[in-house]
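Any read-out appearing in this document is the output of simple, stated calculations on the displayed coordinates, not a laboratory observation. Every value quoted in this text rests on a predicted model; they were computed, and no experiment measured them. Here the Cβ positions follow ideal geometry from the backbone for every residue, glycine too, while neighbour counts run over all protein chains shown.
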Amino acid sequence: MPEVIFTGPAGRLEGRYHPAKQKNAPIAMILHPHPQFHGTMNHQIVYQCYYAFAHRGFSVLRFNFRGVGRSQGSFDHGTGELSDAASALDWAQTINPEARACWVAGFSFGAWIGMQLLMRRPEVEGFISIAPPANLYDFSFLAPCPSSGLIVHGEKDAVVPPKDVNTLVEKLKTQKGIVIDQQVIPGANHFFDGKLEPLMQSVTAYLDMRLANVR
């Protein structure tokens, strides 16, 4: 799991990068939760998603947003973090010029950043959005949502009430040409405490289903 340092808009960004064995392997990028609430690239959900993609033959990058860990800069309420994510994807694409596809996954704040990146980068063909904070941030930019993906959240989420995620999903489901899968993890809170295994089962089953359709 090589440590990597690459240039972001506010200075150096630190990450971890797993290169795939195949030259034309797809890229996946995993985005961490809120920097001001202990969110880092080493968060357990980010870590598990990183390896879920790696085990499926992706070249995978996870990194710390500005001001987190050894990444330079300071928290920028989402605007700068979106620029960080775009720079990180640029870096991953430079390292993998033959990559045939790209996926973005994010948890909570990272899900919000990931969905914005999706709108700006047409090469992103799939997403995994874990506990997207639909009540805390505006998701109206998804008009239309350009890619199919998975939205997964906890039944007992007190930070982001399930009804707010349901509203977001229903809005996205009216769009033609994409398929939004929604999974609700029974008994899970926003942080999936004690429910990491069913969360990851949901994520990996979705990935396997999508990848089976590609091959």
Between region 70-94 and region 95-109, the alpha-carbon center distance in angstrom: 14 Å
Region 21-59: chymotrypsin sites (Phe, Trp or Tyr not before Pro) in DSSP loop, at most 10 other beta carbons within 10 Å: none
Non-local Lys pairs in the chain, i.e. 8 or more apart or on different chains, that have alpha carbons under 28 Å apart: 9
As computed over region 98-178, the Cα convex hull volume per residue (Å³): 83 Å³
Percent RCO, i.e. relative contact order, over region 3-213, from Cα pairs under 8 Å lying at least 6 residues apart: 17 percent
Gln183 long-range amide H proximity, modeled H, under 5 Å: Ile151, Val152, His153
Relative counts (whole %) of C-alpha pair distances in the chain, using bins that are 10 Å wide: 9, 38, 39, 14, 0
Prolate/oblate/rounded call for region 1-121, Cα gyration tensor, a/c under 1.5 rounded: prolate
10 Å binning of all Cα-Cα separations within region 126-215, expressed as whole percents from 0 upward: 17, 48, 31, 4
